[in-house]
1. Taking only the Cα atoms of region 32-72, how large is their convex hull per residue, in Å³?
2. What number do you get for the chain when its Cα radius of gyration is normalised by 2.2 N^0.38 Å, N = residues?
3. Using label points projected 7 Å from each Cα along Cα→Cβ, tell me how many nm separate Asp64 and Gln115, to one decimal.
4. Positive end of the charge dipole of the chain (Lys, Arg +1 and Asp, Glu -1 on Cβ, about the Cα centre): tell me which of Tyr61, Ala77, Ser123 has its Cα farthest that way.
5. To the nearest 10 Å², what's Thr28's accessible area with a 1.4 Å probe?
6. How long is the gain from Val5 to Ala77 if the chain were fully straight, where each residue apart is worth 0.36 nm and the alpha carbon distance is subtracted?
7. Measuring with a 1.4 Å probe in the full set of protein chains, what accessible area per residue, in whole Å², belongs to region 1-80?
8. What list of ³J(HN,Hα) values in whole Hz, one per residue of region 86-99 in order, does the Karplus curve 6.51 cos²θ - 1.76 cosθ + 1.60 (θ = phi - 60°) give from phi, with Gly and Pro shown as x?
Amino acid sequence: QVQLVESGGGLVQAGGSLRLSCVASGGTFGSYTMGWYRQAPGKERELVVGIGSAGSAGNTYYLDSVKGRFTIARDNAKNTVYLQMNNLKPEDTAVYYCAAKDRTVLWGPNNYWGQGTQVTVSS
(Lines give C-alpha, C1' and ligand atoms only; values in the text may rest on other atoms or scores of the structure.)
Protein backbone atom coordinates (compact mmCIF):
# COMPACT_ATOMS: atom_id res chain seq x y z
CA GLN A 1 0.00 0.00 0.00
CA VAL A 2 1.12 3.52 -0.78
CA GLN A 3 0.49 6.69 1.21
CA LEU A 4 0.10 9.99 -0.62
CA VAL A 5 0.50 13.53 0.68
CA GLU A 6 -0.40 16.55 -1.45
CA SER A 7 0.75 20.12 -1.10
CA GLY A 8 0.80 23.33 -3.08
CA GLY A 9 -2.82 24.38 -3.15
CA GLY A 10 -3.95 27.87 -2.34
CA LEU A 11 -5.73 30.96 -3.54
CA VAL A 12 -4.74 32.41 -6.88
CA GLN A 13 -6.17 34.95 -9.29
CA ALA A 14 -7.53 33.87 -12.64
CA GLY A 15 -4.70 33.54 -15.10
CA GLY A 16 -2.23 32.63 -12.40
CA SER A 17 -0.35 29.43 -11.77
CA LEU A 18 0.11 26.85 -9.06
CA ARG A 19 2.16 23.70 -8.80
CA LEU A 20 0.82 20.83 -6.78
CA SER A 21 3.10 18.14 -5.44
CA CYS A 22 2.30 14.66 -4.23
CA VAL A 23 4.86 12.67 -2.30
CA ALA A 24 4.37 8.93 -2.09
CA SER A 25 5.65 6.58 0.55
CA GLY A 26 5.14 3.01 1.62
CA GLY A 27 5.18 1.52 -1.85
CA THR A 28 7.22 1.22 -4.98
CA PHE A 29 6.43 4.56 -6.55
CA GLY A 30 7.63 3.72 -10.02
CA SER A 31 5.21 0.82 -10.28
CA TYR A 32 2.12 2.98 -9.84
CA THR A 33 0.08 4.84 -12.35
CA MET A 34 -0.45 8.30 -10.89
CA GLY A 35 -3.02 10.99 -11.37
CA TRP A 36 -4.85 13.98 -10.03
CA TYR A 37 -8.56 14.18 -9.43
CA ARG A 38 -10.58 17.18 -8.40
CA GLN A 39 -13.93 17.65 -6.74
CA ALA A 40 -15.88 20.87 -6.58
CA PRO A 41 -18.78 21.37 -4.17
CA GLY A 42 -21.85 19.56 -5.43
CA LYS A 43 -19.88 17.88 -8.21
CA GLU A 44 -18.55 14.38 -8.65
CA ARG A 45 -14.88 13.74 -8.35
CA GLU A 46 -13.28 13.70 -11.78
CA LEU A 47 -9.96 12.55 -13.14
CA VAL A 48 -8.08 15.62 -14.33
CA VAL A 49 -4.71 14.23 -15.38
CA GLY A 50 -2.97 10.89 -15.34
CA ILE A 51 0.49 9.53 -16.05
CA GLY A 52 1.68 6.00 -16.54
CA SER A 53 4.06 4.06 -14.35
CA ALA A 54 7.77 4.76 -14.61
CA GLY A 55 8.16 2.64 -17.70
CA SER A 56 5.13 4.22 -19.34
CA ALA A 57 5.47 7.84 -18.27
CA GLY A 58 4.94 8.96 -21.82
CA ASN A 59 1.35 7.79 -21.53
CA THR A 60 -0.63 10.72 -20.20
CA TYR A 61 -4.24 11.72 -19.94
CA TYR A 62 -5.64 15.21 -19.75
CA LEU A 63 -9.21 16.24 -19.22
CA ASP A 64 -10.21 18.28 -22.26
CA SER A 65 -10.85 21.41 -20.22
CA VAL A 66 -7.27 21.49 -18.91
CA LYS A 67 -5.35 20.58 -22.05
CA GLY A 68 -2.74 23.17 -22.83
CA ARG A 69 -2.93 24.57 -19.31
CA PHE A 70 -2.06 21.71 -16.97
CA THR A 71 0.95 19.42 -17.11
CA ILE A 72 1.55 16.26 -15.13
CA ALA A 73 5.06 14.97 -14.49
CA ARG A 74 6.69 12.47 -12.20
CA ASP A 75 10.10 12.29 -10.59
CA ASN A 76 10.59 8.70 -9.60
CA ALA A 77 13.82 9.40 -7.74
CA LYS A 78 11.87 11.73 -5.44
CA ASN A 79 8.72 9.59 -5.28
CA THR A 80 6.82 12.66 -6.37
CA VAL A 81 4.24 13.54 -8.96
CA TYR A 82 3.58 17.14 -9.91
CA LEU A 83 0.69 19.01 -11.39
CA GLN A 84 1.68 22.30 -12.98
CA MET A 85 -1.41 24.42 -13.46
CA ASN A 86 -1.15 27.50 -15.63
CA ASN A 87 -3.74 30.01 -16.77
CA LEU A 88 -6.04 28.98 -13.99
CA LYS A 89 -9.73 29.67 -14.33
CA PRO A 90 -12.42 30.06 -11.66
CA GLU A 91 -13.95 26.79 -12.83
CA ASP A 92 -10.75 25.04 -11.77
CA THR A 93 -11.66 25.73 -8.15
CA ALA A 94 -11.88 22.40 -6.35
CA VAL A 95 -10.21 20.14 -3.88
CA TYR A 96 -7.47 18.35 -5.78
CA TYR A 97 -6.59 14.80 -4.82
CA CYS A 98 -3.50 12.87 -5.70
CA ALA A 99 -4.27 9.30 -6.67
CA ALA A 100 -2.37 6.14 -7.41
CA LYS A 101 -3.35 2.81 -8.85
CA ASP A 102 -1.76 -0.43 -9.83
CA ARG A 103 -0.90 -0.66 -13.50
CA THR A 104 -3.36 -3.39 -14.36
CA VAL A 105 -6.51 -2.08 -12.67
CA LEU A 106 -8.99 0.57 -13.70
CA TRP A 107 -9.05 4.07 -12.31
CA GLY A 108 -11.59 4.42 -9.55
CA PRO A 109 -12.43 1.45 -7.34
CA ASN A 110 -8.86 0.53 -6.48
CA ASN A 111 -7.40 4.03 -6.13
CA TYR A 112 -5.16 5.05 -3.31
CA TRP A 113 -5.93 8.62 -2.29
CA GLY A 114 -4.19 11.59 -0.82
CA GLN A 115 -5.98 13.85 1.64
CA GLY A 116 -6.66 16.61 -0.85
CA THR A 117 -5.49 20.17 -1.24
CA GLN A 118 -7.75 23.14 -1.92
CA VAL A 119 -7.28 25.20 -5.05
CA THR A 120 -9.31 28.38 -5.25
CA VAL A 121 -9.20 30.61 -8.30
CA SER A 122 -10.70 34.06 -7.99
CA SER A 123 -11.92 36.16 -10.88
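1. Details: hull volume 2.6 nm³, N = 41.
Given the Cα convex hull of region 32-72, per-residue volume reads 64 Å³.
2. Cα Rg divided by the expected 2.2 N^0.38 Å: 0.98.
3. About 3.6 nm, to one decimal.
4. Ala77
5. For Thr28, solvent-accessible area is about 100 Å².
6. Working: separation 72, 0.36 × 72 = 25.92 nm, distance 1.63 nm.
Contour length minus Cα-Cα distance gives 24.3 nm.
7. Values: 4060 Å² over 80 residues.
Spelled out: the 1.4 Å probe surface of region 1-80, per residue, equals 51 Å².
8. With coefficients 6.51, -1.76 and 1.60, one gets 10, 6, 5, 10, x, 5, 7, 4, 4, 7, 9, 10, 6, 9 Hz.
The values are calculated or read from the model by the stated rules, or taken from the named source; none is laboratory data. Since the structure is predicted, the reported quantities are computational estimates derived from the model, not experimental observations. Note that we place each Cβ from the backbone using ideal geometry, even for glycine, and neighbour counts take in every protein chain shown. Please note that ligands, DNA and RNA were not included when accessible areas were found on the heavy atoms of the full protein model with its side chains. Shrake-Rupley method; radii C 1.70, N 1.55, O 1.52, S 1.80 Å.
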